[in-house]
Amino acid sequence: MPRRFVDISVSLEAGIQSDPDRMQPEIDYRGHRETAPEICSVFPGLRQDQLPEGMGWAVEDVRISSHNGTHMDAPWHYHPTMDGGERAITIDEIPLEWCCQPGVKLDFRRLADGYVVKPEDIEGELQRIGHELRPLDIVVVNTSAGVRYGHDDYLFKGCGFGRESTLWLTERGVRVVGTDAWSWDAPFPHTVQRWLETKDPSIIWEGHKAGMERSYCQLEKLGNLEALPSTGFDVICFPTKIKSASAGWTRAVAVIDE
C-alpha cells in the first residue's frame, strides 16, 4: 500500500517569533569559503587553492534550549514526580512504543485564543470525526496558532489544555499529545490575565502539572496539521536522546496510507 509522509515539524530558525525573548535560539551559519582555512589547518602544507573551488564545509554553530523548535516534553519537565509519587522519567527514558502509534487530530481552530479546552469539547470533536480513543493513540491538536508560527502574535495564539482535559485523555491510555501552539497549556499572556482576575494558583500550568498524577509526554510547536485528516495516519515522533533532560528536539512525521 502506498504511503504519504507529512512533515508536522517546524524548522528551527533564529530571528523569528518562535519563543519568548529569553528563550530565542541563536544560529551562526559559516559558509564553505569561510571554513576552508579550517581544513587547511588540519592538513599541514595544504593550500586553500588546492581544495575544490577553494571551498571547505558548511557548518552551523547553534545555541538552543531543549524546548526550541518542535520538541517533546518529558514528565520530568512538569515535576520531579509522576503517577502519584514515582520519580518522573526524563526524555532519554521515554518508552519508544509511545512514539510510533496511530494518530488522531482534533480540529480546534475555531476555539478562541486562550480558551481552556474542557473534556466535553474533546468528546464532541471525537464524536464529530467518529473516533473512539484507544490506548497509546497520539492526539494532535490543530489550533489557531499553527499558521501564525514565526509571526509577532504566535505566543498569544491558540487554545490550551488544562488539568481536567489532560487527565481525561490520559485516563483513556493516551501517552503522547501534541499541539501546534507554543505550549500545551493556554498561552501564558491569557493565563496571566486570568491570574490577575482570580489569583487562583491552580490555573498556572495546570495541563503540564497533570503529569504529576498520570505520566504523559507532549509535543509542542508542531506544524502543518492542516494537511492531516482526522484519523487514518500514524505519528512517528522519536525525541533526541539527551541524558537526563526535560525535553528533546523531535522531527515529527505523519504517515498516511493511501
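Read-outs throughout are calculated quantities, based only on the coordinates presented, and are distinct from any laboratory measurement. These numbers come from a predicted model, not from an experiment. We place every Cβ from the backbone using ideal geometry, glycine too, and count neighbours over all the protein chains shown.
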Legend entry - Placed amide H near PHE161: partners under 5 Å, 5+ positions off or other chain: VAL117, ASP185, ALA186
Legend entry - Pairwise label distance in nanometres, ILE16 with THR170, each label 7 Å out on the Cα-Cβ vector: 3.1 nm
Inset, instruction - Take every DSSP beta bridge whose two residues both sit in the chain, then give the antiparallel share in percent to the nearest 5. - result: 65 percent
Inset, instruction - In nm, give the distance between the simple-model label positions of GLU34 and ILE204, each being 7 Å from the Cα along the Cα-to-Cβ direction. - result: 4.1 nm
Inset, instruction - Please list the non-local residues whose amide H lies under 5 Å from the amide H of THR179, H modeled 1.01 Å from N, same-chain partners needing a gap of 5 or more. - result: VAL141, LEU219, GLU220, LYS221, LEU222
Inset, instruction - Run the quick spin-label model on LEU96 and LEU51: label points 7 Å from Cα toward the beta carbon, then report their separation in nm to one decimal. - result: 3.7 nm
Legend entry - Pairwise centroid distance, computed over Cα atoms, of the stretch 1-49 with the stretch 227-258, Å: 22 Å
Legend entry - Extreme residue, positive dipole direction of the chain, given options GLY158, GLY54, ALA247 (C-beta unit charges): ALA247
Inset, instruction - Compare ARG194, ARG163, ARG175 in a GNM of the chain, Cα atoms joined below 10 Å, and give the one with the largest fluctuation. - result: ARG194
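Please list, by residue number, every one of the chymotrypsin sites (Phe, Trp or Tyr not before Pro) in the stretch 1-82 that is coil in DSSP and has at most 16 other beta-carbon atoms within 10 Å. Display every interim value, and only then the final one.
Numbers: sites: PHE5, TYR29, TRP57, TRP76, TYR78; in loops: TRP57.
Answer in residue order: TRP57.
Convex hull over the Cα atoms of the stretch 88-229, averaged projected area in nm²?
On the way: hull surface 34.6 nm².
Average of the hull's projected areas for the stretch 88-229 equals 8.7 nm².
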Legend entry - For the stretch 5-16, Karplus couplings with θ = phi - 60° (6.51, -1.76, 1.60), whole Hz, Gly/Pro x: 9, 10, 6, 10, 10, 9, 6, 6, 9, 8, x, 10
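Just rank ASP153, ASP21, fewest to most, by other beta-carbon atoms within 10 angstrom.
Working: ASP153 13, ASP21 6.
Placing the least packed residue first, the sequence is ASP21, ASP153.
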Inset, instruction - Above 30 angstrom, tally the Cα pairs of the chain and express them as a % of all pairs, no decimals. - result: 32 percent
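Anything over 21 Å Cα to Cα? Flag those among LYS209/LYS241; LYS157/LYS221; LYS118/LYS157; LYS157/LYS241, in the order listed.
On the way: LYS209/LYS241 23 Å; LYS157/LYS221 12 Å; LYS118/LYS157 18 Å; LYS157/LYS241 30 Å.
Correct reply: LYS209/LYS241; LYS157/LYS241.
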Legend entry - Size of electric dipole in the chain: Cβ of Lys, Arg +1 and of Asp, Glu -1, about Cα centre, debye, nearest 20: 160 debye
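Full-extension gain between ARG63 and THR240, please, as 0.36 nm times their residue separation minus the C-alpha to C-alpha distance.
Numbers: separation 177, 0.36 × 177 = 63.72 nm, distance 1.58 nm.
Once the chain is fully extended between ARG63 and THR240, it gains 62.1 nm.
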Inset, instruction - Rank PRO229, PRO80, PRO201 by mean-square fluctuation in a GNM of the chain with C-alpha springs under 10 angstrom and give only the top-ranked residue. - result: PRO201
